[in-house]
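**Student:** After the structure tokens below, expect a handful of questions from me.
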Amino acid sequence: MFIIIVVALLFGIWRYRSAKYFMWVAITFVWMFVSTLLLNGGGTLEDPSGDGFITHQVRVAANDGPMMGLFAIFIVVFLWGGIIYFLNRARKAGKALQAANEAALDHPDYVEQEDADTGRKLLETVGLLLAAAAWFYFNFTALMSARNAPATVASAPTAQAPAQPTIEQEVMGVAAEINAGTPRQLDADTVLERATASGRTLTYHHKLKGRATDREELRSFILRTVVPKVCTGELRPSMKQHGVSYAYSYTASDLDEPVAITVDEKMCEGLEP
């Protein structure tokens with residue numbers, strides 16, 4: 001997409017020499033940079049380093065499921081819609097300046113404005129193309145270095161043991177195992193729809209049949225029935241030893257948003273006499 005900015009700047013040098021035109025080109029560049037920073041989609045749940053901030057949050061919430069495909073369509077429409085809009089504003093700004101200059105020719109007090117000569121335009125063009133070539137060179141070099149690094153490491157003999165998965169990765173793995181068997185009917189009124197992982201928190205998403213009637217009653221029910229079982233069950237060691245927490249989210253047809261309780265070691269300690 002950097003080529004788009006280069007082409008737009010070339011138009012500015014040779015045709016639309018207007019401060020407003022270059023302002024809109026600069027806004028387009030900022031839009032592309034910020035959108036990439038927030039919406040880049042090159043990561044995974046296990047290795048989110050290639051994701052933008054918003055993309056990573058959506059990936060975690062969707063557990064890298066089919067919703068990511070819809071989000072990718074949104075990114076394309078959002079990103080390119082902004083680029084087209086801003087560049088169109090730049091074109092209109094350049095056209096407006098041209099129209100104003102043409103109208104001024106017929107004015108009796110018109111004084112011809114000095115335009116940049118061809119030599120200056122050529123010098124600016126060469127400078128722009130050299131800067132663009134340097135940018136492409138350094139980015140291409142960095143990309144090739146990144147691609148070659150794994151092969152170099154793999155070819156070197158090593159006696160190190162395989163890296164152990166982090167707690168966060170283990171929580172993601174548990175969520176994936178649960179989702180392999182969902183949705184699952186837990187009882188006559190409750191369905192476990194899915195599980196998601198965020199850091200060291202594993203969230204169980206439940207759907208209640210019928211109506212929940214009252215949010216506070218549902219919250220009280222979770223605190224009375226679910227929390228004590230978690231704190232006295234097989235999940236307690238992971239909370240105590242590794243700082244894992246378990247969130248239980250319930251929704252129903254009459255609830256605008258889920259009711260959720262997060263159980264951690266501190267909560268369990270508060271229940272002990």
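**Student:** Let a ≥ b ≥ c be the square roots of the eigenvalues of the Cα gyration tensor of segment 167-271; is it rounded (a/c under 1.5), or, if not, prolate (a/b larger than b/c) or oblate?
**Tutor:** Because a/c hits 1.5 or more and a/b fails to exceed b/c, segment 167-271 counts as oblate.
**Student:** Can you give me the relative contact order of segment 167-271 as a percent, contacts being Cα pairs under 8 Å and 6 or more apart? Provide the component values of the computation, followed by the final result.
**Tutor:** Details: 167 pairs, mean separation 25.9, N = 105.
Answer for segment 167-271 is 25 percent.
Rule-based calculations on the coordinates, nothing more; no lab input. These numbers come from a predicted model, not from an experiment.
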